[in-house]
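Notes follow once the structure below has been shown.
The values are calculated or read from the model by the stated rules, or taken from the named source; none is laboratory data. Predicted, not measured: the structure shown is a model, and the values here were computed from it. Please note: Cβ atoms are built from the backbone with ideal geometry, for glycine as well, and neighbour counts cover all protein chains shown.
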Amino acid sequence: MSEASYVTGSRGEQVLVMRQGGAGKRAKRAQNNNISAAKLVAELVRTSLGPRGMDKMLVDGMGDVTITNDGATMLKDMDVQHPAAKMIIEVARTVDDEVGDGTTSSVVFAGALLANAEGLMEMGVHPMLIINGYRKAANQAQLILNKIAVSVAPTDRITLARVARTSMASKLVSNESMVLSKVVVEALLHVAEDMGDGTFKVDLENLKLEKKVGGSINETCLVMGIALEKEVSHSGMPKRIEGARIALVSSALEIEKTEFDSKINITVPAQMQQFLDQETDMLKRMVEKISSVGANVLICQKGIDDMAQHYLSRAAILTLKRVKESDMARLAKATGARIVSGLDDISKKDIGQAGLVEERKVEDDKWTYVEGCKNPRAVTVLVRGGTQRVVDEVERCMHDAVMVTKDVLENPWIVGGGGAVEEELSYRLMKWSRTLEGREQLAAEKYAEALEAIPLALASNAGFDQLDIQVALREKHGHDEKWCGVDVLGTGVRDMFAKDIIEPVSVKQQIISSATECACMLLRIDDVIPSKRKGPSMPQGGMPGMD
């Protein structure tokens, strides 16, 4: 239990510095607590690494269940209280945001770095010396990565498909990865924009992932346009429009209600009819305004009055209502239309173009497809699966595959997967560490050892003997077989390029930089002190999990 903190004044008096329960934790105890929390998080996700990794069942307070082995999803949804554990989770979030894959590996690596640092500190090595050694080793690792990475053609469909399949190999969709990787590659090549100097830029706003329960995972398909989970709003409207001229309206097609209470005194029935006729004329003029600019498709972000829908159907205008704001923005980019907030300002210049707008049946629901868009880079991937949980997991897998394929398109360099590149980095860093002097050499050696945590975790999850795999990997890499890694679906150590197990170099670069920075940040902390922020104060004895 924490006690109140006092200091002794110049005349021997005791001065209270921090109240009881707020004394914090000093030096070694704080560092040990932080490292223990980080190692626990790493151990939780370690068993999910690789194609033989196990799934986790996440259950929230309402009883909703998520079953996944996606590191980013697990760490995002974990109910974590310890501040050091939250920092480790931030590593995974950064890796996921930047490159989309490698979240589990980054946490496992960060946990190994901290575990090795703990051993050095017990030997009397100062944390700052460990930090310096780790940072030098990380810089050297980045240099080695750039040296051994293999250049590829950014539009090579075969290589891109292999990268996508490697990302999906450890996921639920591994058996369907051949079909799904082709969908991902075709979608990304349509979205990618050639910058003219041999490089490509990918705007993922042009790629929409939609999911629909029903059918098999193999029925996941690419739609060359925008798919909207909306049906035509009136039965009398056309269901198919070729040569579509599309108006996008963000305001409602309804009679606006006043913001203040008002009353209308009607003395004779004719006045009532006149009032209703006036409302009808206003709605009719709205529809006429849309027709006058040549639109034959109207997509509205908000509601549409029943009478307005009637006039729209008579004008043969295909109409969708209550479309999501994100879909409106995507439609504007795809069709070249401008979203207008009021019909008074609409003009022919605001109208977008599409080759076909059609309502189609997907399972029991009706969807509307906008195809042949003015911007051919706008595409939709429709994800299918037998149950809601399966569809959710397939969507997460597709997201990771899309991100790694994007990484290679924008930075066309690859390395071997299966822990091969980590083992090669470990082997080369171990030799390089001998060029350092003093205790920083020990830190660099421990950094090299920590890199082996990833192939050893793959071996452990596949049921192999870790020591045998470690010896075999070191022997292979010692004989310049740099792409030998753990063949978790085979019998041990194999050439990963020969097995088509490859990963983007940008993912490995992000893992190294993020995990190293997080480990160094935690090692610099020698005190945990309650802050003065508003909200519930730290309970007596400190935050849960910090003892």
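For the structure I just gave you, tell me whether LEU489 is under 23 Å from ALA42 (Cβ atoms) and either aliphatic (A, V, I, L, M) or part of a loop (DSSP other than H, G, I, E, B) (or both). No. The test for being in contact (Cβ under 8 Å) with a residue 40 or more places away in the chain, in contact with a strand residue (DSSP E or B) (Cβ under 8 Å, 6 or more places away or on another chain) and buried (at least 24 other Cβ atoms within 10 Å of the Cβ) does not hold for VAL493.
The sole residue among GLU210, GLU186 that is of a type in the set (Asp, Glu) and in a helix (DSSP H, G or I) is GLU186. Beta carbons closer than 7 Å, at least 6 apart along the sequence or on distinct chains, pair a first residue in the range 282-301 that is touching a residue at least 12 places away in the same chain (Cβ under 8 Å) with a second that is surrounded by 17 or more Cβ atoms within 10 Å (Cβ to Cβ) and of a type in the set (Phe, Trp, Tyr) for LEU283/TYR311; LYS284/TYR311; VAL287/TYR311.
Condition check for GLU122 on (1) surrounded by 15 or more Cβ atoms within 10 Å (Cβ to Cβ); (2) under 21 Å from LEU522 (Cβ atoms); (3) not small (Gly, Ala, Ser): one failure, at (1). All of GLU371, GLU359 fail the test of being in contact (Cβ under 8 Å) with a residue 40 or more places away in the chain and in contact with a Ser or Thr (Cβ under 8 Å, 6 or more places away or on another chain), apart from GLU359. Looking at ILE511, ILE469, ILE454, just one residue is free of Cβ contacts under 8 Å to residues at least 40 places away in the same chain, under 27 Å from LYS56 (Cβ atoms), crowded, with 21+ Cβ neighbours inside 10 Å and of a type outside the set (Asp, Glu), and that residue is ILE469.
Assess whether VAL340 counts as being touching an Asp or Glu at 6+ places or on another chain (Cβ under 6 Å), surrounded by fewer than 21 Cβ atoms within 10 Å (Cβ to Cβ) and in the same structural domain as GLU254 (by TED's automatic domain parsing). Taking the combined requirement at face value, the residue satisfies it.
Restricting the first member to the range 35-64 and to residues that are assigned to a helix (DSSP H, G or I), and the second to residues that are acidic (Asp, Glu), the beta-carbon pairs closer than 9 Å and six or more apart or on different chains are ILE35/GLU118; SER36/GLU118; LYS39/GLU118.
Filtering the range 343-361 to residues that are hydrophobic (A, V, I, L, M, F, W, C) and surrounded by fewer than 17 Cβ atoms within 10 Å (Cβ to Cβ) leaves only LEU356. Residues of the range 362-388 that are surrounded by 21 or more Cβ atoms within 10 Å (Cβ to Cβ) and among the β-branched types (Val, Ile, Thr): THR368, VAL370, VAL379, THR380, VAL381, VAL383.
Inspect the range 132-150 for any residue being over 20 Å from ALA448 (Cβ atoms), of a type in the set (A, V, I, L, M, F, W, C) and at pLDDT below 90 and give the result as yes or no. Can you show your working first?
Taking the range 132-150 and keeping what is over 20 Å from ALA448 (Cβ atoms), we get 150.
Subset that is of a type in the set (A, V, I, L, M, F, W, C): 150.
This time we only want the ones that are at pLDDT below 90, so: none.
The answer is no, given that none of the residues of the range 132-150 is over 20 Å from ALA448 (Cβ atoms), of a type in the set (A, V, I, L, M, F, W, C) and at pLDDT below 90.
Please work out if VAL391 is touching a strand residue (DSSP E or B) at 6+ places or on another chain (Cβ under 6 Å), crowded, with 19+ Cβ neighbours inside 10 Å, of a type in the set (A, V, I, L, M, F, W, C) and not in a helix (DSSP H, G or I).
Details: touching a strand residue (DSSP E or B) at 6+ places or on another chain (Cβ under 6 Å): yes; crowded, with 19+ Cβ neighbours inside 10 Å: yes; of a type in the set (A, V, I, L, M, F, W, C): yes; not in a helix (DSSP H, G or I): no.
In short, no.
Only one of these is assigned to a helix (DSSP H, G or I) and within 15 Å of GLY225 (Cβ to Cβ): ALA401, ALA334, ALA354. Name it. Working first, answer last.
Working: ALA401 fails: within 15 Å of GLY225 (Cβ to Cβ); ALA354 fails: assigned to a helix (DSSP H, G or I).
After applying the criteria, what remains is ALA334.
Name the pairs: first residue in the range 83-102 and buried (at least 22 other Cβ atoms within 10 Å of the Cβ), second residue at pLDDT 85 or above and acidic (Asp, Glu), Cβ to Cβ under 7 Å, at least 6 apart or on different chains? Short answer, once both residue conditions are applied: VAL99/ASP407; GLY100/ASP400; ASP101/ASP400.
On the given criteria, is LYS201 modelled with pLDDT of 90 or more, over 30 Å from HIS477 (Cβ atoms) and surrounded by fewer than 15 Cβ atoms within 10 Å (Cβ to Cβ)? Talk me through it step by step, then tell me what you get.
Numbers: modelled with pLDDT of 90 or more: yes; over 30 Å from HIS477 (Cβ atoms): yes; surrounded by fewer than 15 Cβ atoms within 10 Å (Cβ to Cβ): yes.
Considered against the rule, which asks whether it is modelled with pLDDT of 90 or more, over 30 Å from HIS477 (Cβ atoms) and surrounded by fewer than 15 Cβ atoms within 10 Å (Cβ to Cβ), LYS201 comes out as yes.
For LEU222, the conditions (1) in a strand (DSSP E or B); (2) free of Cβ contacts under 8 Å to residues at least 60 places away in the same chain all hold with the exception of (2). Looking at ALA227, is it touching an Asp or Glu at 6+ places or on another chain (Cβ under 7 Å) and not aromatic (Phe, Trp, Tyr)? Yes. Between LEU522, LEU473, LEU458, LEU467, the distinction of being more than 24 Å from SER181 (Cα to Cα), part of a helix (DSSP H, G or I) and out of contact with any helix residue (DSSP H, G or I) (no Cβ under 7 Å at 6 or more places or on another chain) belongs to LEU467 only.
For the range 310-328, the set of residues classified as assigned to a helix (DSSP H, G or I), in contact (Cβ under 8 Å) with a residue 12 or more places away in the chain and under 19 Å from GLU229 (Cα atoms) consists of GLU325, ASP327, MET328, listed by residue number. For the range 82-129, a residue qualifies if it is farther than 24 Å from SER167 by Cβ and either small (Gly, Ala, Ser) or not in a helix (DSSP H, G or I) (or both), and the qualifying residues are HIS82, ALA84, ALA85, ALA115, ALA117, GLY119, MET123, GLY124, VAL125, HIS126.
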